[in-house]
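Peer 1: So that we are looking at the same thing, I have put the structure below in structure tokens.
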Amino acid sequence: MQLSLWQRGRIRLARARRWEFWPAWLFYIPVVAWIILLGLRHRHFTLFTAANPGMDEGGVVGERKSPLLLRLSQSLPEATPPLQLLPASLSAPERLQRARDFIGGRFPVVLKPEIGQRGRGVLIAQDWTQVQRYLAASREDLILQQFAPGKEFGIFIYRDPDSGTVKIFSVTAKELMHVHGDGHRPLHQLIMDHPRAWLTAPMLFRRHRAHLQEVIPAGEDFYLVDVGSHCRGAVFLNGHKLITPALSQRLGEIVEALPGFHFGRLDVIAADRAALREGRDLKVLEVNGVTSEAAHVYHPGTPLLAGYRSFFRQWQLAFSIGRRNRDAGAHTVSPWRLLQLFLRDLKRYPDADAASAGARKA
């Protein structure tokens, strides 16, 4: 099913009015200018790459996900879902056997690239057939992770290299967008009638093309999004009211188990908002470095200037922490090496939704 030209034009106009939907290259022009200015002030344009000595290239680009997660699972096994690395160097039968041994019949499970971002290539597999197809289609190192039920939150933190004090910069509550069936309207109409889903209708129509003509039964929820990624359609809400001393204390314990991590975002699962406030039973899904975003700015209706203020402050902290780590002996990445890594990353997944959809179709 195709959207009409009028519908496409209406969507493009509406997205142009909401900066959260702007293409990254457009939104980041002032941010890049600010980074250059900070580089001039500090006389070192890539000083921020020393912000996380425990991550590949400081967690700027091309970093592996598993090293810090494995360390966390060893120090605080209750703080992260069990995971298994599936290296590309293994033969296809060896990867399948390692996956089978890890899963043991327990579904769902999460499959994702060892190197990736913004939800690219992430699959929540519901059965063994999906796992087999994903592995057959992949030619890169993968992470197989036990699925953790609950609500997902993005918590941006920074740790003072001198005192070790951990502070929460922002909390983002991630909502998986869904439509509510009424027994009359097909899925494509429910999407177009939804106050937010219609803004991403082209992507959602591609993702759910096999179900667009289906009438969703009355009272049944149909989830349009399965991963807490903004570019995949999740809704990000400002969760600053969820910050409590109990949450800060628990995050301090978690970060203590992540050597060399000083700045970035922890993507965590909690049973609900109350559990997050209490710092109770948190599960860390990913540890993201310098270029991860304090995603609370994508709360619908956030003023553009407020978004820029947050990003400017974030990068100011990255340079400051990087400088102190550099002075303590941490290495920095050269501008030329950083450019090479960014170009390689662009080739890896040129389209985030296509990558994930391809994994589902494989």
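Peer 1: Could you grab me the full set of residues in region 130-164 that are open to solvent by 70 Å² or more (accessible area, probe 1.4 Å) and without any contact (Cβ under 8 Å) to a residue 60 or more places away in the chain?
Peer 2: The answer is Q132, R139, S163.
Peer 1: How many residues, within region 6-25, are modelled with pLDDT of 95 or more, aliphatic (A, V, I, L, M) and exposed (fewer than 15 other Cβ atoms within 10 Å of the Cβ)?
Peer 2: 3
Peer 1: Would region 184-192 turn up any residue that is open to solvent by 40 Å² or more (accessible area, probe 1.4 Å), more than 30 Å from R313 (Cα to Cα), in a helix (DSSP H, G or I) and among the basic types (K, R)?
Peer 2: Looking only at region 184-192, we keep the residues that are open to solvent by 40 Å² or more (accessible area, probe 1.4 Å), and these are 184-185, 189.
Narrowing the set further to residues that are more than 30 Å from R313 (Cα to Cα) leaves 184-185, 189.
Next, only the ones that are in a helix (DSSP H, G or I) stay: 189.
Those still in the list that are among the basic types (K, R) too: none.
Looking for residues that are open to solvent by 40 Å² or more (accessible area, probe 1.4 Å), more than 30 Å from R313 (Cα to Cα), in a helix (DSSP H, G or I) and among the basic types (K, R), one finds none in region 184-192, hence no.
Peer 1: Follow-up question, since we're still on this one. Residue check, F45 against (1) surrounded by fewer than 18 Cβ atoms within 10 Å (Cβ to Cβ); (2) under 20 Å from the mean Cα position of the chain (by Cα); (3) touching a residue at least 40 places away in the same chain (Cβ under 8 Å), all met but one. Which one?
Peer 2: Here F45 meets the rest and fails (2).
Peer 1: Follow-up question, since we're still on this one. I need the full set of residues from region 341-352 which are open to solvent by 80 Å² or more (accessible area, probe 1.4 Å) and either closer than 17 Å to R64 by Cα or modelled with pLDDT of 90 or more (or both), in order please. Step through it out loud before you land on a result.
Peer 2: Residues of region 341-352 that are open to solvent by 80 Å² or more (accessible area, probe 1.4 Å), as a first pass: 342-344, 346-347, 350.
Of everything in region 341-352, those that are open to solvent by 80 Å² or more (accessible area, probe 1.4 Å) and either closer than 17 Å to R64 by Cα or modelled with pLDDT of 90 or more (or both) turn out to be F342, L343, R344, L346, K347.
Peer 1: Being part of a helix (DSSP H, G or I) and either open to solvent by 20 Å² or more (accessible area, probe 1.4 Å) or touching a strand residue (DSSP E or B) at 6+ places or on another chain (Cβ under 9 Å) (or both) is the filter here; which residues of region 210-234 pass it? Write out each step before concluding.
Peer 2: Filtering region 210-234 down to residues part of a helix (DSSP H, G or I) leaves 210-211, 230-232.
If the condition is that a residue be part of a helix (DSSP H, G or I) and either open to solvent by 20 Å² or more (accessible area, probe 1.4 Å) or touching a strand residue (DSSP E or B) at 6+ places or on another chain (Cβ under 9 Å) (or both), then A210, H211, H230, C231 are the ones that fit.
Peer 1: Something else: Can you spot a residue in region 71-88 that is part of a loop (DSSP other than H, G, I, E, B), open to solvent by less than 20 Å² (accessible area, probe 1.4 Å), within 18 Å of F311 (Cα to Cα) and at pLDDT 95 or above?
Peer 2: Going residue by residue through region 71-88, those that are part of a loop (DSSP other than H, G, I, E, B) are 76, 80-82, 87-88.
With the extra rule that they be open to solvent by less than 20 Å² (accessible area, probe 1.4 Å), the set shrinks to 80-81.
Right, trim to within 18 Å of F311 (Cα to Cα) and you get none.
The answer is no; no qualifying residue exists.
Peer 1: Let me ask you something else. Determine, yes or no, whether F169 is surrounded by fewer than 22 Cβ atoms within 10 Å (Cβ to Cβ), closer than 19 Å to L70 by Cβ, among the hydrophobic types (A, V, I, L, M, F, W, C) and in contact (Cβ under 8 Å) with a residue 12 or more places away in the chain. Walk me through it before giving the result.
Peer 2: Numbers: surrounded by fewer than 22 Cβ atoms within 10 Å (Cβ to Cβ): yes; closer than 19 Å to L70 by Cβ: no; among the hydrophobic types (A, V, I, L, M, F, W, C): yes; in contact (Cβ under 8 Å) with a residue 12 or more places away in the chain: yes.
Taking the combined requirement at face value, the residue does not satisfy it.
Peer 1: If D56 meets every condition in (1) modelled with pLDDT of 95 or more; (2) in contact with an Asp or Glu (Cβ under 8 Å, 6 or more places away or on another chain); (3) of a type outside the set (A, V, I, L, M, F, W, C); (4) under 19 Å from R159 (Cβ atoms) apart from one, which number is that one?
Peer 2: (1)
Peer 1: Working carefully through the options R118, R100, find the one that is under 26 Å from V235 (Cβ atoms), open to solvent by 10 Å² or more (accessible area, probe 1.4 Å) and either at pLDDT 95 or above or in a loop (DSSP other than H, G, I, E, B) (or both). Can you show your working first?
Peer 2: On the way: R100 fails: under 26 Å from V235 (Cβ atoms).
None of the others qualify; the one that does is R118.
Peer 1: Residue pairs, Cβ under 8 Å, 6 or more apart or interchain, first in region 249-265 and closer than 21 Å to R313 by Cα and in a loop (DSSP other than H, G, I, E, B), second modelled with pLDDT of 95 or more and among the aromatic types (F, W, Y). List them.
Peer 2: Short answer, once both residue conditions are applied: H262/Y158.
Peer 1: Okay, next question. Among the residues of region 235-256, count how many are closer than 21 Å to Q146 by Cβ and open to solvent by less than 10 Å² (accessible area, probe 1.4 Å).
Peer 2: So the answer is 1.
Peer 1: For region 195-209, does any single residue satisfy the condition of being open to solvent by 40 Å² or more (accessible area, probe 1.4 Å), without any contact (Cβ under 8 Å) to a residue 60 or more places away in the chain and in contact with an Asp or Glu (Cβ under 8 Å, 6 or more places away or on another chain)? Give the derivation first.
Peer 2: Here is the first cut: in region 195-209, the residues open to solvent by 40 Å² or more (accessible area, probe 1.4 Å) are 195, 206, 209.
Among the residues that remain, those that are also without any contact (Cβ under 8 Å) to a residue 60 or more places away in the chain are: 195.
Add one more test, that the residue is in contact with an Asp or Glu (Cβ under 8 Å, 6 or more places away or on another chain), and what stays is none.
No, because not a single residue in region 195-209 is open to solvent by 40 Å² or more (accessible area, probe 1.4 Å), without any contact (Cβ under 8 Å) to a residue 60 or more places away in the chain and in contact with an Asp or Glu (Cβ under 8 Å, 6 or more places away or on another chain).
Peer 1: Moving on to the next point. For region 42-61, enumerate the residues that are assigned to a loop (DSSP other than H, G, I, E, B) and touching a Phe, Trp or Tyr at 6+ places or on another chain (Cβ under 8 Å). Can you show your working first?
Peer 2: Going residue by residue through region 42-61, those that are assigned to a loop (DSSP other than H, G, I, E, B) are 43-46, 51-55, 60-61.
Of everything in region 42-61, those that are assigned to a loop (DSSP other than H, G, I, E, B) and touching a Phe, Trp or Tyr at 6+ places or on another chain (Cβ under 8 Å) turn out to be A51, N52, G54, M55, V60, V61.
Peer 1: Which count do you get for residues in region 130-180 that are among the basic types (K, R) and farther than 30 Å from P93 by Cβ? Before you say what the answer is, go through the steps one by one.
Peer 2: Keep residues of region 130-180 that are among the basic types (K, R), which gives 133, 139, 151, 159, 167, 174.
Next, from what is left, pick out any that are farther than 30 Å from P93 by Cβ: 151, 159, 167, 174.
Matching residues across region 130-180 total 4.
The values are calculated or read from the model by the stated rules, or taken from the named source; none is laboratory data. Values in this document were obtained by computation on a predicted structure and should not be read as measured data. In this analysis, Cβ positions are derived from the backbone assuming ideal geometry, glycine residues included, and neighbour counts consider all displayed protein chains. Surface areas here come from the heavy atoms of the whole protein model, side chains and all, with no ligands, DNA or RNA. Shrake-Rupley method; radii C 1.70, N 1.55, O 1.52, S 1.80 Å.
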